[in-house]
Amino acid sequence: MEFHKMKMEAYEKAINLSKQHKNPFNQLKISSRMELLHYQNQGVKRVTILSAGGCENCKHQGGNTHHIQDALKEMPIPDRTCTYNLHKRNKKYCFCRCAYIPEVD
């Protein structure tokens, strides 16, 4: 299975969990990992974190650049301190919207 397809499946599961007032964090983490693996497979060496539209806690991540191997090891996003609520009724669990942007030479 393609990494991009697995990323999108995990992201869709995260959205559904959020709608059900359940914690989407693990599915968001899988989605981010698949995104990184996709980029790595494409030869990308570095990624930058995009936090546009994110919460105040995620804004500190915005613009941070990581070697792809380091990002896979550390998994800086999704941010555990995120406070963004995708579904306003689900105030118990947050939904980090940060994303990786590949750096190309």
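The values are calculated or read from the model by the stated rules, or taken from the named source; none is laboratory data. Everything numeric in this text was worked out from a predicted model, so none of it was measured. Note: ideal-geometry Cβ built from the backbone for every residue, glycine included; neighbour counts use all protein chains shown. These accessible areas exclude ligands, DNA and RNA; they are computed on the full protein's heavy atoms, side chains included. Shrake-Rupley method; radii C 1.70, N 1.55, O 1.52, S 1.80 Å.
When region 33-74 is filtered for residues that are acidic (Asp, Glu) and surrounded by 18 or more Cβ atoms within 10 Å (Cβ to Cβ), only Glu35 remains. Taking the criterion of being part of a loop (DSSP other than H, G, I, E, B) and closer than 15 Å to Ser32 by Cβ, the residues of region 63-80 that qualify are Asn64, Met75, Pro76, Ile77, Pro78, Asp79, Arg80.
When you scan region 80-96, do you find a residue that is free of Cβ contacts under 8 Å to residues at least 24 places away in the same chain and of a type in the set (Ser, Thr, Tyr), even just one? Among the residues of region 80-96, not one is free of Cβ contacts under 8 Å to residues at least 24 places away in the same chain and of a type in the set (Ser, Thr, Tyr), which makes the answer no.
When region 30-49 is examined, which residues are found to be assigned to a helix (DSSP H, G or I) and in contact with a Cys (Cβ under 9 Å, 6 or more places away or on another chain)? Result: Ser32, single match.
Before we move on, is Ala52 of a type in the set (A, V, I, L, M), part of a loop (DSSP other than H, G, I, E, B) and free of Cβ contacts under 8 Å to residues at least 40 places away in the same chain? Considered against the rule, which asks whether it is of a type in the set (A, V, I, L, M), part of a loop (DSSP other than H, G, I, E, B) and free of Cβ contacts under 8 Å to residues at least 40 places away in the same chain, Ala52 comes out as yes. Filtering region 9-32 to residues that are open to solvent by less than 80 Å² (accessible area, probe 1.4 Å), closer than 16 Å to Met75 by Cα and out of contact with any helix residue (DSSP H, G or I) (no Cβ under 6 Å at 6 or more places or on another chain) leaves Phe25, Lys29, Ser32.
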